[in-house]
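Single-structure report; data block below.
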Amino acid sequence: MKKLALLACSLFALTAVVQAKEVVRPVTSSKEVVREPVTSSKEVVNEPVILEEVVVPVAADPWGFINLRAGWDFWGEYGNFSLDKDNNNNNVLKDRYNLSNKTKGFGGEVALEAYKSWDYIDLGLGVAYQQHMDRKTSEGYSGAEYSSVPVYLTGRYDINYWDWAVTPYLKANVGYSFNFDSKDYKTPTGSHGTKVDDGLYWAAGIGWEYQAFNVDILYGANYAKTKVNGDVQEKFDNDYERVTLSVGYRFNIW
């Protein structure tokens with residue numbers, strides 16, 4: 001009986017040792033783990049991006065423009081008047097009436113002009129108020145000045161074929177001058193009333209324009225005849241010629 005019990009204990013102990021060894025043995029997988037690159041099931045396609053063209057509207061050329069300008073006469077000249085009068089009709093010169101054609105003081109104008117524009121040509125109408133310079137006194141004789149309001153056709157030819165910042169141009173005016181406010185004819189012995197007739201007006205010159213500003217120099221003339229009343233009773237050519245420097249500003253008409 002003891003032998004059976006001892007044999008059973010031995011078998012039990014051997015079984016425990018074998019199980020302990022199997023627990024300690026490292027476990028390895030029977031299959032090899034292979035790492036493969038993961039690829040997406042969908043292919044990435046780079047499609048071209050379509051950009052919409054942005055069109056910036058370009059301002060159209062104006063239909064025309066209105067030009068407001070003011071000028072100053074830096075040189076002026078009237079017609080001469082010289083008369084020898086025989087008071088007693090005996091061919092003896094008693095009085096001599098002389099007027100100098102030279103001027104002094106201020107002369108200038110303000111004008112409003114409206115133009116229709118083409119490529120290089122501007123044509124339009126204008127009206128101006130012109131205050132002419134005073135006549136210089138010569139040996140006590142002076143007067144017979146006047147003012148004018150001319151209504152005229154006006155034209156400009158732009159000389160800008162190369163898109164300069166400053167546009168030079170040629171300019172000409174031609175029209176009719178309404179003359180008024182005729183001054184008395186003054187002599188050392190008294191004054192005589194005068195009356196002035198209307199006549200032709202013209203001017204021509206060159207100018208420059210930068211953006212909306214313009215400057216021009218014009219040589220012009222107002223044609224007139226002045227009648228001296230009183231004991232003189234003479235009518236003479238009293239044209240007014242001058243050189244005018246003008247500064248203007250244009251307002252475009254769309």
Q) Among the residues of the range 182-192, how many are part of a strand (DSSP E or B) and in contact with a strand residue (DSSP E or B) (Cβ under 9 Å, 6 or more places away or on another chain)? A) 5
(Q) Show the residue pairs meeting these rules: Cβ distance below 9 Å; 6+ apart or different chains; first residue within the range 123-134 and without any contact (Cβ under 8 Å) to a residue 40 or more places away in the chain and over 13 Å from K104 (Cβ atoms); second residue of a type in the set (F, W, Y) and in a strand (DSSP E or B). (A) L123/Y115; L125/Y115; L125/Y152; V127/Y152; A128/Y152; A128/Y201
**Q.** the range 222-254 - residue that is of a type in the set (G, A, S) and under 27 Å from the mean Cα position of the chain (by Cα) and, of those, farthest from A165 (Cα to Cα)
**A.** S246
Q) Does D216 satisfy the criteria of being out of contact with any Cys (no Cβ under 6 Å at 6 or more places or on another chain) and either among the basic types (K, R) or exposed (fewer than 15 other Cβ atoms within 10 Å of the Cβ) (or both)? A) no
**Q.** Residues satisfying the stated conditions in the range 99-113, i.e. assigned to a strand (DSSP E or B), crowded, with 16+ Cβ neighbours inside 10 Å and not β-branched (V, I, T)
**A.** L99, G108, E109, A111, E113
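Read-outs throughout are calculated quantities, based only on the coordinates presented, and are distinct from any laboratory measurement. Because the structure is predicted, anything quoted here is derived from the model rather than measured. Please note: Cβ atoms are built from the backbone with ideal geometry, for glycine as well, and neighbour counts cover all protein chains shown.
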